[in-house]
1. Taking amide H positions as placed 1.01 Å from N in the peptide plane, with prolines and chain starts having none, which residues 5 or more places from LEU7, or on another chain, fall under 5 Å of its amide H?
2. Pairs of alpha-carbon atoms within less than 8 angstrom and 6+ residues apart define the contacts here; what relative contact order does the chain have, in percent?
3. Charges only on Cβ, +1 for Lys and Arg, -1 for Asp and Glu: so what's the dipole of the range 5-106 about the Cα centre, in debye to the nearest 20?
4. With unit charges on the beta carbons (Lys and Arg positive, Asp and Glu negative) and the dipole taken about the Cα centre of the range 1-125, which residue among VAL80, LEU123, LEU62 sits farthest to the positive side?
5. Taking the Cβ of GLN158 as the centre, find all other residues whose Cβ is under 12 Å away and add up their charges (Lys, Arg: +1; Asp, Glu: -1).
6. Straight-line reach from LYS122: which aspartates and glutamates have a Cα under 16 Å away, not including same-chain ones fewer than 8 places off?
7. Could you go through the range 76-83 in sequence order and give the Karplus-derived ³J(HN,Hα) for each residue, using 6.51 cos²θ - 1.76 cosθ + 1.60 with θ = phi - 60°, rounded to whole Hz, and x for Gly and Pro?
8. Given Cβ point charges of +1 (Lys, Arg) and -1 (Asp, Glu) and nothing else, what value in debye, to the nearest 20, does the dipole of the range 124-182 about its Cα centre take?
Amino acid sequence: MLKVENLHAAVDGKEILKGLSLEVPAGEVHAIMGPNGAGKSTLSYVLTGRDGYEVTGGSATLDGEDLLALAPDERAARGVFLSFQYPLEIPGVPALTFIRTALNAQRRARGEGEISAPEFLKLARTKSAELKIDFEMLKRALNVGFSGGEKKRMEILQMAMLSPRFLILDETDSGLDIDALRIVSEGVNALRSPDRAMLVITHYQRLLDYIKPDRVHVLAGGRIVASGGPELALELEKAGYERYEAAA
């Protein structure tokens, strides 16, 4: 699915990623943990094509296709999805309109027909109920006036509606209480499948109690410095990142 080799990237001329290599096969959930400033969010932005993040070396492919050669909307059409740490508010644009526009844009890019209004509304009602989102909220401007938990649930709803193939979750647990974390995690777990992969970026073990990873990677100093099973996250929770920062 995703293969990253010796990736280097800079922001405003400062190198952040310094030879990062990573593979995430289809059907697996991989977690990336690391200290602040290690490059975790930079990796997510580089993979999704955010402006201002310059790739200076290395490669990233999705099913063998050069991901870095594609525009952000082309990456989205291929099935790459980023759940933001801080979801944006878009005044004046109802959530339903936003999601349907995004879904139809992706379908057109893949040569598929647009989803009809009745079919879309039926799907939106089903998915919002599963995430315990009041359907009336979807008629409001996207994320405007929403709590932190509501914004994160809205991100997971977009994932469920768009059905991406490669999901990047950037600190999805940030700002969530226990109930919201459980609901959001259930929504993420419902998307696990043999032909879909996920990259979960987090500081803390608690998210991984709900979203069980197949592999855990430690990112420090702009590169992956250790990898292991879920037990690695427990070790990090107890001992911290100090020895990995020193190694980096």
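Bear in mind that the values in this text are calculations on the coordinates, not laboratory data. Remember, it's a predicted structure, so these values are computed and weren't measured experimentally. With ideal geometry, Cβ positions are generated from the backbone for all residues, glycine too; neighbour counts draw on all protein chains shown.
1. Distant-sequence amide H within range of LEU7: GLY19, LEU20, SER21, SER59.
2. 28
3. So the dipole magnitude of the range 5-106 works out to roughly 300 debye.
4. LEU123
5. +4
6. Cross-link targets: GLU114, GLU130, ASP134, GLU136.
7. With the stated coefficients, the range 76-83 comes to 4, 5, 6, x, 8, 9, 10, 8 Hz.
8. Around 300 debye, computed over the range 124-182.
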